[in-house]
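Here's the structure we're looking at; comments come further down.
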Amino acid sequence: MNQMIIPIKVEGASRQRKREAPKGRRVDPAALAQVQALLGDASRSADMLIEHLHKIQDAFHCLSAEHLAALAAEMKMAQTEVYEVATFYHHFDVVKEGGAAPAALTVRVCDGLSCEMAGAKDLLARLPAILGRDVRVLAAPCIGRCEQAPAAVVGQNPVPFATVEAIAAKVEAKEITHVNAGFIDFAAYRADGGYQLLRDCIAGTRDVEAVIKTMEDSGLRGLGGAGFPAGRKWRIVRNEAGPRLMAINIDEGEPGTFKDRFYLERDPHRFLEGALIAAWAVGIDTIYVYLRDEYHGCRGMLEAELARLRADPPVQGMPEIILRRGAGAYICGEESAMIESIEGKRGMPRLRPPYVAQVGLFNRPTLEHNFETLHWVRDIVEKGGAWFSSFGRNGRKGLRSFSVSGRVRQPGVKLAPAGITIQELIDEHCGGMLEGQTLYGYLPGGASGGILPASMNDIPLDFDTLQPYGCFIGSASVIVLSDRDSAVNAARNMMNFFKHESCGQCTPCRVGTAKASALIDKPRWDLPMLADLSQVMRDASICGLGQAAPNPVDCVVKYFPQELG
């Protein structure tokens, strides 16, 4: 009997023939050569992804599909992983295949509340026609120059008190401003006794336990917003098994906040010595400094000063200090999101526990600090904890650096006793209100700290004093409103900011901020729906952004009902 031979299709072999080339976009040899030249001999480890994206963005003013594919190949990462990180951050311009690259020069005009009150909307309306097609004009969230409102950035060059004429003039400029009058460089700092305290610590003249006790006695709390006692944090991380790391947050993105930039531009080594003393006390050999991308000039200055410090170290065996660059994401001010960003990932907050003190950067116990917290370490250890706690007013203790902006004669960083009231702060440190204007309301803690009316001008400004009123001090960013302003408009500005800056990880925040923004843009507010939305966001959001975002809206409903009709 004749047998019929039936050919058998081998599925695996067929698939193998179809997939002789790797999955995903083919790597263009020219783009790969360009990426390799930009990276040079820098590490290709995954935590360097954002640093390398910046190199490409700086060189080509955008991130093309070809360069992203080449970078993924060079770093041995999945193209999807590179793409999702690049598209997460506002300062990366990802151009899809066949898409047009943005203009080579970008002008960012801050549309934060202080800048909006100073005329930012008018600048944004007029600039595109004046600057032409070769310059891209964007509205940007707070750029940390609220005392110079309205503020803008041309390329990487800040423009304080921006006008159309000043911005047009800067379009041709190449310099990046960063050095202020009275700037204390490495040589000047050491000549004035700088790093002697560090040397005493390393030499054994100072005892670790005594130094930590001094920090605890001072009552210094974290000045980035959370307010956790600094000395206690040192002790907690020191008790964790090594190796340990430190992460320093200079990503002050809270609208109204600029104190860290103010001190960094003038006295960078005071903070660096504080960081090195903390590293000695806690037992840390590597320090990561996360600096927001808006502070381009500060980054150049800090790189130069770190080079001088490494070339002539005040002590042997000094911890390595690594500078990392943010990419325009407010959420990275949250400690665990910052750690994710340092690791080269999207800046999304982690679920807790575990806390970063136990499992932080690269899964190691991590001492996380705000810049200003470390700025005070040298003074406190040299002068004693009682010195710092001797300051204060209205029953509070310590000093606070208030970032004051808005309708005052003299905005800026105001070093004042903790517990000072808004009225005292305006009258004693800001030269009073602007001519012809009266206090109407104030934001005691930036975008998320709520809004209070002028009638509540006697509340001590400090940790724990504002919570009974639905507010908090946070990083002490005070925005002053006058009778020319509206609390409703302030709340709209804040909620638009939160909608723009939500990382999108959790639904209550991602959807809630967008929904709240749409609701309060209407002439009449749906108060029951806003109340329900506020409760859901507070109860279910993963991190402080979603939990605190309803504060301005709730405060308007509670304290400014006359504006709601």
Taking the stretch 363-394 on its own, how many of its residues are within 22 Å of Thr465 (Cβ to Cβ) and in contact with a Pro (Cβ under 7 Å, 6 or more places away or on another chain)? 4
Could you grab me the full set of residues in the stretch 306-336 that are surrounded by fewer than 24 Cβ atoms within 10 Å (Cβ to Cβ) and either in a loop (DSSP other than H, G, I, E, B) or within 11 Å of the chain's Cα centre (by Cα) (or both)? Asp312, Pro313, Pro314, Val315, Gln316, Gly317, Met318, Pro319, Arg325, Ala327, Gly328
Testing Thr205 on (1) modelled with pLDDT of 95 or more; (2) open to solvent by less than 70 Å² (accessible area, probe 1.4 Å), one condition comes back false. Which one is that? (2)
Among (1) surrounded by 22 or more Cβ atoms within 10 Å (Cβ to Cβ); (2) in contact with a Pro (Cβ under 8 Å, 6 or more places away or on another chain), the one test that Gly297 misses: (1)
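Looking at the stretch 94-125, which of its residues are more than 20 Å from Gln156 (Cα to Cα), touching a Phe, Trp or Tyr at 6+ places or on another chain (Cβ under 9 Å) and either open to solvent by less than 40 Å² (accessible area, probe 1.4 Å) or in a strand (DSSP E or B) (or both)? So that I can check it myself, show each step before the final result.
Within the stretch 94-125, the first condition is being more than 20 Å from Gln156 (Cα to Cα), and the residues that meet it are 95-100, 113-114, 116-119, 121-122, 125.
Next, from what is left, pick out any that are touching a Phe, Trp or Tyr at 6+ places or on another chain (Cβ under 9 Å): 113, 118.
Residue satisfying the conditions is Leu113 alone.
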Give me the residue from the stretch 224-240 that is open to solvent by 50 Å² or more (accessible area, probe 1.4 Å) and of a type in the set (A, V, I, L, M) and, out of that set, modelled with the lowest pLDDT. Ala226
Return yes when Ala173 is at pLDDT below 95 and open to solvent by 70 Å² or more (accessible area, probe 1.4 Å) and no when it is not. no
Val109: of a type in the set (Val, Ile, Thr) and more than 20 Å from Asp260 (Cβ to Cβ), yes or no? yes
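So that you can scan it fast, the table gives a plain yes or no per residue for (1) in a helix (DSSP H, G or I); (2) touching a helix residue (DSSP H, G or I) at 6+ places or on another chain (Cβ under 6 Å):
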| position | (1), (2) |
| --- | --- |
| Glu209 | yes, no |
| Met215 | yes, yes |
| Ile236 | yes, no |
| Phe271 | yes, yes |
| Gly274 | yes, yes |
| Ala279 | yes, no |
| Glu294 | no, no |
| Gly297 | yes, no |
Those residues of the stretch 149-177 which are without any contact (Cβ under 8 Å) to a residue 60 or more places away in the chain and more than 21 Å from Asp58 (Cβ to Cβ), in sequence order: Pro150, Ala151, Pro160, Phe161, Ala162, Thr163, Val164, Glu165, Ala166, Ala168, Ala169
Which number in (1) under 25 Å from Ala327 (Cα atoms); (2) at pLDDT 95 or above; (3) not β-branched (Val, Ile, Thr) marks the one condition that Ser475 misses? (2)
Name the strands (runs of 3 or more DSSP E) wholly within the stretch 399-489 that hold at least 1 residues that are closer than 27 Å to Ser517 by Cβ, open to solvent by 10 Å² or more (accessible area, probe 1.4 Å) and among the aromatic types (Phe, Trp, Tyr)? 439-447
Anything in the stretch 266-320 that is basic (Lys, Arg) and more than 14 Å from Thr373 (Cα to Cα)? List them, or say none. Arg266, Arg292, Arg299, Arg308, Arg310
Take Pro243 and decide whether it is closer than 23 Å to Gly446 by Cα and either touching a helix residue (DSSP H, G or I) at 6+ places or on another chain (Cβ under 8 Å) or open to solvent by 40 Å² or more (accessible area, probe 1.4 Å) (or both). no
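Of everything in the stretch 364-379 that's not in a helix (DSSP H, G or I) and not β-branched (Val, Ile, Thr), which residue is nearest to Glu216 (Cα to Cα)?
Pass one, the stretch 364-379, residues not in a helix (DSSP H, G or I): 364-370, 376.
Then drop every residue that is not not β-branched (Val, Ile, Thr), which leaves 364-365, 367-370, 376.
Numbers: Arg364: 24, Pro365: 20, Leu367: 15, Glu368: 16, His369: 15, Asn370: 17, Trp376: 13 Å.
Going through the qualifying residues, I end up with Trp376.
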Give me the pairs: first residue in the stretch 272-301 and touching a residue at least 12 places away in the same chain (Cβ under 8 Å) and at positive phi, second residue part of a loop (DSSP other than H, G, I, E, B) and not acidic (Asp, Glu), beta-carbon distance under 7 Å, and six or more apart or on different chains, which are they? Gly283/Gly242
Pairs returned, first residue in the stretch 468-482 that is more than 11 Å from Thr257 (Cβ to Cβ), second residue that is of a type in the set (Asp, Glu), beta-carbon separation under 6 angstrom, 6 or more apart or interchain, are Gly470/Asp554
The number of residues in the stretch 490-524 that are touching a Gly at 6+ places or on another chain (Cβ under 8 Å), assigned to a helix (DSSP H, G or I) and open to solvent by 60 Å² or more (accessible area, probe 1.4 Å) is 1
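Taking the stated definitions as given, is Tyr288 open to solvent by 10 Å² or more (accessible area, probe 1.4 Å), in contact with a Lys or Arg (Cβ under 7 Å, 6 or more places away or on another chain) and of a type in the set (Ser, Thr, Tyr)?
On the way: open to solvent by 10 Å² or more (accessible area, probe 1.4 Å): yes; in contact with a Lys or Arg (Cβ under 7 Å, 6 or more places away or on another chain): yes; of a type in the set (Ser, Thr, Tyr): yes.
Taking the combined requirement at face value, the residue satisfies it.
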Condition first: at negative phi, open to solvent by 50 Å² or more (accessible area, probe 1.4 Å) and among the acidic types (Asp, Glu). Can you find one or more residues in the stretch 525-538 that meet it? yes
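How about the stretch 76-102: which of its residues are among the acidic types (Asp, Glu), under 15 Å from Lys345 (Cα atoms) and free of Cβ contacts under 8 Å to residues at least 40 places away in the same chain?
Filtering the stretch 76-102 for residues among the acidic types (Asp, Glu) gives 81, 84, 93, 97.
Pick out the ones that are also under 15 Å from Lys345 (Cα atoms) and you get 81, 84.
Glu81 - this is the single residue of the stretch 76-102 that is among the acidic types (Asp, Glu), under 15 Å from Lys345 (Cα atoms) and free of Cβ contacts under 8 Å to residues at least 40 places away in the same chain.
The values are calculated or read from the model by the stated rules, or taken from the named source; none is laboratory data. What you see is a predicted model; the values in this text were computed from it and never measured. No Cβ is skipped: glycine too gets one built from the backbone with ideal geometry, and neighbour counts run over all protein chains shown. To get the accessible areas, we keep the full protein, side chains included, count just its heavy atoms, and leave off ligands, DNA and RNA. Shrake-Rupley method; radii C 1.70, N 1.55, O 1.52, S 1.80 Å.
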